[in-house]
Amino acid sequence: MPQYQELPCGGQVLDIDTALKDGILGAALEPGDAAAGDAGKQPVELRKMMDELDAAGDGGGDEAVPAVFICPISLEPMVDPVTLCTGQTYERANISRWLALGHRTCPTTMQELWDETLTPNATLRQLIAAWFSRRYTRFKKRSADFHGRAADLVHGLRGTAVPRRQPLKGQARVAALRELRTLAATHQSVTKAIAEAGGVALLTSLLGPFTSHAVGTEAVAILVSGVTLDADAKAALMEPAKVSLVVDMLNEGAADTKINCVRLIRILMDERGFRPETVASLSLLVGVMRLIRDKRHPDGVVAGLELLNSICAVHRPARSMIVSIGAVPQLVELLPELATECVEPALDILDALSAVPDGRAALKDCPRTIPNAVRLLMRVSEACTRRALSMLWTVCRMAPEECAPAAVEAGLAAKLLLVIQSGCPPELKQKASELLKLCRLNYTDTLFISKCKLTRTIQ
């Protein structure tokens with residue numbers, strides 16, 4: 001919810017029309033606004049108005065919600081305000097819940113209640129309804145204006161404007177697309193108007209072998225802004241020429257363009273008719289890895305990891321290609337620096353790549369695989385522990401004499417004991433026990449025991 005402001009008036013406002021007209025509850029009424037006295041006649045219920053405004057990020061417009069409208073318990077605007085004997089007002093549901101828990105005090109003043117009667121505050125309820133009705137009316141008018149403008153832009157780009165003109169070209173086309181993109185990003189409901197005006201087919205047709213990156217950048221940004229893509233649109237976007245343009249922009253565009261290209265490809269992969277070979281492109285995979293390595297743009301890291309994880313899942317032959325571009329050591333090196341929400345998909349990718357011989361070899365040869373995987377055990381999440389344990393099992397089985405001692409030196413033994421003694425699932429404990437045995441077989445008994453004790457003491 002937005003920040004709240006204190007009501008400028010010193011006492012209780014009884015005349016709703018005067019309060020709104022004089023600007024006591026915000027800006028004065030403007031021509032065309034709903035009259036305050038008609039607030040109760042609005043066809044949309046108060047709660048529905050509040051929810052719709054809140055969902056659109058327009059809970060109070062440019063004005064903060066007056067503090068007297070806010071329930072002290074929930075800190076949300078009240079719909080059914082009631083007053084206690086102490087003079088404090090609350091949302092009925094909230095104060096009823098407070099009393100039902102056995103409290104016999106006023107939540108705000110902590111005064112003992114001598115009367116538990118809840119008196120409806122009709123005046124305040126009317127003020128709240130009038131204030132939100134005014135905001136809702138303005139919101140709807142602005143939305144209609146934005147929808148109309150979006151439709152005009154689409155018709156101008158298509159050449160179907162009235163009076164009929166040729167489709168916009170050159171810089172005029174770029175400018176119109178840029179404005180359409182801004183509208184779609186600022187007002188989510190505009191995406192529906194774009195679709196209804198035929199904007200999806202238009203944007204899809206703009207992507208092709210002769211499309212400039214300026215036009216392509218804006219078109220892709222609009223397509224991933226929330227516009228509904230039907231099966232025909234997705235099928236058209238999967239044409240080789242269009243995919244090739246998107247891949248080019250992924251490699252050569254600005255950061256936000258790269259992120260949008262990755263998101264578009266990810267959307268297309270969810271389509272039933274998606275052809276996995278579409279993503280079997282070294283240029284695409286290299287572009288995605290560059291985006292993942294660019295720590296300046298966290299959204300890009302997340303989007304890149306999600307796409308790479310999906311590619312590993314739906315197109316197994318692509319795994320060898322991903323390994324061939326050096327993805328394994330790059331992802332392993334990034335593990336300690338990734339945000340928490342990125343660690344799991346990164347480990348999922350490494351786990352998928354370890355299913356191919358080249359991927360297992362790359363894991364074993366990377367000097368940071370063991371220490372970084374050991375560090376992740378019993379941290380972040382159970383899924384991360386599972387994946388890290390799987391990585392360690394893979395490399396230690398490949399070269400036990402080389403990797404098992406290195407893992408123990410990195411503190412693996414104590415971490416495995418921690419897994420075994422924790423509340424992890426039985427299969428995870430079993431895997432930890434087997435790995436612990438493998439380490440012990442390839443490490444001197446005396447040194448192994450002392451290393452376990454030393455590591456656990458330090459931790």
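For segment 392-430, a residue qualifies if it is within 34 Å of the chain's Cα centre (by Cα) and either over 10 Å from L377 (Cβ atoms) or not aliphatic (A, V, I, L, M) (or both), and the qualifying residues are W393, T394, K415, S422, G423, C424, P425, P426, E427, L428, K429. Each residue in segment 360-373 was checked for being in a helix (DSSP H, G or I) and under 12 Å from V332 (Cα atoms), and 9 of them qualify. Considered as a group, the residues in segment 153-201 that are assigned to a helix (DSSP H, G or I) and of a type in the set (S, T, Y) include one that is modelled with the highest pLDDT, and that residue is T182.
The residue that is nearest to V247 (Cα to Cα), among those in segment 221-233 that are touching a Gly at 6+ places or on another chain (Cβ under 9 Å) and part of a helix (DSSP H, G or I), is I222. Residues in segment 257-274 that are surrounded by 15 or more Cβ atoms within 10 Å (Cβ to Cβ) and not in a helix (DSSP H, G or I): E271, F274. When segment 105-128 is examined, which residues are found to be in contact with a strand residue (DSSP E or B) (Cβ under 6 Å, 6 or more places away or on another chain) and part of a loop (DSSP other than H, G, I, E, B)? Within segment 105-128, L118, N121 qualify. Annotation: Y443 fulfils all but one of (1) assigned to a helix (DSSP H, G or I); (2) at pLDDT below 85; (3) not aliphatic (A, V, I, L, M); the unmet one is (1). Across segment 201-210, not a single residue is classified as open to solvent by 20 Å² or more (accessible area, probe 1.4 Å), touching a helix residue (DSSP H, G or I) at 6+ places or on another chain (Cβ under 6 Å) and among the β-branched types (V, I, T).
Note on segment 406-424: residues that are outside any helix (DSSP H, G or I) and open to solvent by 30 Å² or more (accessible area, probe 1.4 Å) total 2. Under the condition of being assigned to a loop (DSSP other than H, G, I, E, B), more than 30 Å from S133 (Cβ to Cβ), open to solvent by less than 70 Å² (accessible area, probe 1.4 Å) and without any contact (Cβ under 8 Å) to a residue 24 or more places away in the chain, the residues counted in segment 79-102 number 1.
The values are calculated or read from the model by the stated rules, or taken from the named source; none is laboratory data. In this text, all values refer to a predicted model and were calculated from it rather than measured experimentally. Here Cβ is always computed from backbone atoms with ideal geometry, including for glycine, and neighbour counts include all displayed protein chains. Keep in mind that these areas ignore ligands, DNA and RNA; they rest on the heavy atoms of the full protein, side chains included. Shrake-Rupley method; radii C 1.70, N 1.55, O 1.52, S 1.80 Å.
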